[in-house]
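Read-outs throughout are calculated quantities, based only on the coordinates presented, and are distinct from any laboratory measurement. Owing to the predicted nature of the structure, the values given are computational and were not obtained by experimental measurement. Cβ placement follows ideal geometry from the backbone for every residue including glycine, while neighbour counts extend to all protein chains displayed.
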There are 2 protein chains.
Amino acid sequence: MNVKDKLYKNQGIHVITAIFTVEQGITKVLLVKRKNEPFLGDWILTGGALYNNEDLMEGAKREISEKTGIKNIEIYQFGVFGRVDRSPIMRMVAVSYIGVIDSKRVEVLRETLRTSNADWFPIDKVPPLGYDHNEILVEALKELQKKIVSSTILKSLFPGVFSLPELQKVYEAILGMKLDRRNFRKKMLSLDLIEDTGETAKFEGKKPAKQYRFKKKIEEKKVF
Amino acid sequence: MNVKDKLYKNQGIHVITAIFTVEQGITKVLLVKRKNEPFLGDWILTGGALYNNEDLMEGAKREISEKTGIKNIEIYQFGVFGRVDRSPIMRMVAVSYIGVIDSKRVEVLRETLRTSNADWFPIDKVPPLGYDHNEILVEALKELQKKIVSSTILKSLFPGVFSLPELQKVYEAILGMKLDRRNFRKKMLSLDLIEDTGETAKFEGKKPAKQYRFKKKIEEKKVF
DNA sequence: ATTATAAGCGTAATAACAACACTTGTCAAT
DNA sequence: ATTGACAAGTGTTGTTATTACGCTTATAAT
């Protein structure tokens, strides 16, 4: 191997996704457990090495499918992590994504070739992860908080109808703060992402809540 | 080479920077001309392959220095481009940056090992570029337009003092629109990025303009 | 019927943004 | 020295978005 080879060769690309869900007001992230070196036994975010014959997002989705069985998840790119020493084997640059899914609707979290396990962790109870995945997770959560304000990224949690108080609880779990009921309603309705179904849901000893659904069309917001 | 090798091996990382300047109300981007295959003779953005022993931004700055002689430029990461066929030689993923520099202060744009030339192109007169650099440039310009609103990315164009009308002309060139003089002043002063020097500049047969400078400290804006 | 609970609805105060008109300091022409 | 042209400086008003907060209403349990 000559000098130039040492400079350029043996590089690779990771595609990493932080998959979130919300259960009973707790925001959780999906982690898998490695059963090979490096980081054998460590929990990490779902992801792996990009193949040469696939685009970035394609690769990220394949890795999700392989490691967790989850298909048809919508994911959003948000950052790149490339510190020289982030992988001990060879020089890897990680292209990272976020996604949201309803944990109750996930098929099965099965044992795979390279991971022995998969589980949901509350975001404030995440153990030290392999690679630089703690760092990636921090940024991923920030990105998720940004995204929910004006996108339909939460649609997967509410594929059918839902009430605004239900939706608000998820927002509060992700943002980590309480929101005003009346202002939340006003904001959501003005964003034009959801629509009234005309139906109401009744349970418990309370006033029935109106049922909404996410609209089909997504309209992009202008920067100026 | 076995199947696994074909999937994973021979990947690399590009670090690409779109360097902008503004001259007489015209936004321009710095391009260099390739003198090797692939894309021999084509203009491209500054950049190249990342070395194994450098972090991403470090690599981007090294490439800028090597290809144009520019040092001490501040750059900002903004996106990743990884289409399977974006490079004809091997699988390359491009991590991209933007930067701004005063073309009048650039040392020299010299012939280099792998580029024969470097020149500033008005952004609406950019030729078809090598690789996917036209695509990258489009996104880079969008990012620049976002960044100038609330960062000191333009500081390099105004290392000393400047008047608000001067600054406004640069904003208008980059945004491609006219701005209201009074609202622009109000906005800039409220952003807390610049400060009054107490001095005025007099030239031409007009009212002297107050002189401002960028503040030393940069304060981050909160998301919420 | 009464009460507790959480949903729905409305309004006032404030802050951010957009639109717009007049005054002022300099040079050049007279 | 007066006047005109020019671009810089400044202030006000209307609109829209955000925040804060109070009252009413539908249900189940008693």
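In nm, what is the difference between 0.36 nm times the number of residues separating residue B:125 and residue B:182 and their Cα-Cα distance?
17.3 nm
Provide the FRET efficiency to the nearest 0.05 for the residue A:155-residue B:66 pair, computing r from the beta carbons and using R0 = 45 Å.
0.45
Which percent of Cα pairs goes in each bin when the distances of chain A are cut into 10 angstrom slices starting at zero?
7, 30, 32, 19, 9, 3, 1, 0
Using the Karplus curve 6.51 cos²θ - 1.76 cosθ + 1.60 with θ = phi - 60°, work out ³J(HN,Hα) for each residue of the stretch A:118-129 in order, rounded to whole Hz, and write x for Gly and Pro.
Residue by residue, the stretch A:118-129 yields 8, 7, 8, 10, x, 5, 9, 10, 7, x, x, 9 Hz.
What share of the DSSP beta bridges in the protein assembly as shown is antiparallel, in percent to the nearest 5?
Percentage antiparallel, nearest 5: 75.
Counting pairwise Cα distances across the stretch B:21-149, what percent come out greater than 18 angstrom?
53
Calculate the mean, over all residues of peptide A:7-16, of how many other protein chain Cβ atoms lie within 10 angstrom of the residue's Cβ.
Mean shielding by partner chains, rounded to a whole number: 6.
Please go through the residue pairs A:67/A:215; B:33/B:71; A:147/B:142 and name each one whose alpha carbons sit more than 24 Å apart in this structure.
Pairs exceeding 24 Å: A:67/A:215.
With only alpha-carbon pairs counted, each pair once and no self-pairs, how large is the Kirkwood hydrodynamic radius of the protein assembly as shown in angstroms?
In the protein assembly as shown this quantity evaluates to 24.8 Å.
Could you work out how far the C-alpha centroid of the stretch B:111-163 sits from that of the stretch B:181-199, in angstrom?
Here the two parts' Cα centres lie 25 Å apart.
Given a Förster distance of 45 angstrom, what is the FRET efficiency for residue A:142 paired with residue B:169, based on the Cβ-Cβ distance and rounded to 0.05?
Efficiency computed from Cβ-Cβ geometry: 0.80.
With no solvent and one equal point scatterer placed on each C-alpha of the stretch B:73-156, evaluate the Debye formula and give log10 I(q)/I(0) for q = 0.14, 0.16 Å⁻¹, two decimals.
Normalising to I(0) and taking log10 leaves -0.62, -0.81.
Using the basic label-point model (7 angstrom from Cα toward the beta carbon), what is the residue B:85 to residue B:26 distance in nanometres?
Using points 7 Å along Cα→Cβ, the separation is 3.5 nm.
Would you work out if the stretch A:6-45 is rounded, prolate or oblate? Take a ≥ b ≥ c from the square roots of the eigenvalues of the alpha-carbon gyration tensor; rounded if a/c is under 1.5, else prolate when a/b is larger than b/c, oblate otherwise.
oblate
Going by average Cβ neighbours within 10 Å, how do the peptides A:58-70, B:197-209 rank, with the highest at the top?
Output ranking for A:58-70, B:197-209: A:58-70, B:197-209.
Count, for each residue of A:164-171, the Cβ atoms from other chains sitting within 10 Å of its Cβ, then give me the mean as a whole number.
0
Under a plain spin-label model, where a point goes 7 Å from the Cα along Cα-to-Cβ, how far apart in nm are residue A:209 and residue B:74?
Inter-label distance under the simple model: 4.6 nm.
³J(HN,Hα) across the stretch A:46-53 via Karplus (A = 6.51, B = -1.76, C = 1.60, θ = phi - 60°), whole Hz, x for Gly/Pro?
Taking θ as phi minus 60°, the curve returns 5, x, x, 7, 6, 7, 6, 9 Hz for the stretch A:46-53.
Just counting partner chain Cβ atoms within 10 Å, what average do the residues of peptide B:49-57 show around their Cβ?
What the average comes to for B:49-57 is 5.
Restricting to chain B, compute how many DSSP beta bridges are antiparallel as a %, nearest 5.
Given both bridge residues lie in chain B, the antiparallel proportion sits at roughly 75 percent.
Given the Cα atoms of the stretch B:127-224, and with Rh set as the inverse mean 1/r over their pairs in the Kirkwood sense, what is Rg to Rh to two decimals?
Ratio value, two decimals: 1.04.
Over the stretch B:158-214, what lengths in whole Å, largest first, do the semi-axes of the equivalent ellipsoid take, defined as the square roots of 5 times the eigenvalues of the alpha-carbon gyration tensor?
18, 15, 11
In whole Hz, what ³J(HN,Hα) sequence does the stretch A:162-169 give by Karplus (6.51, -1.76, 1.60; θ = phi - 60°), x for Gly and Pro?
7, 9, 5, x, 4, 4, 4, 4
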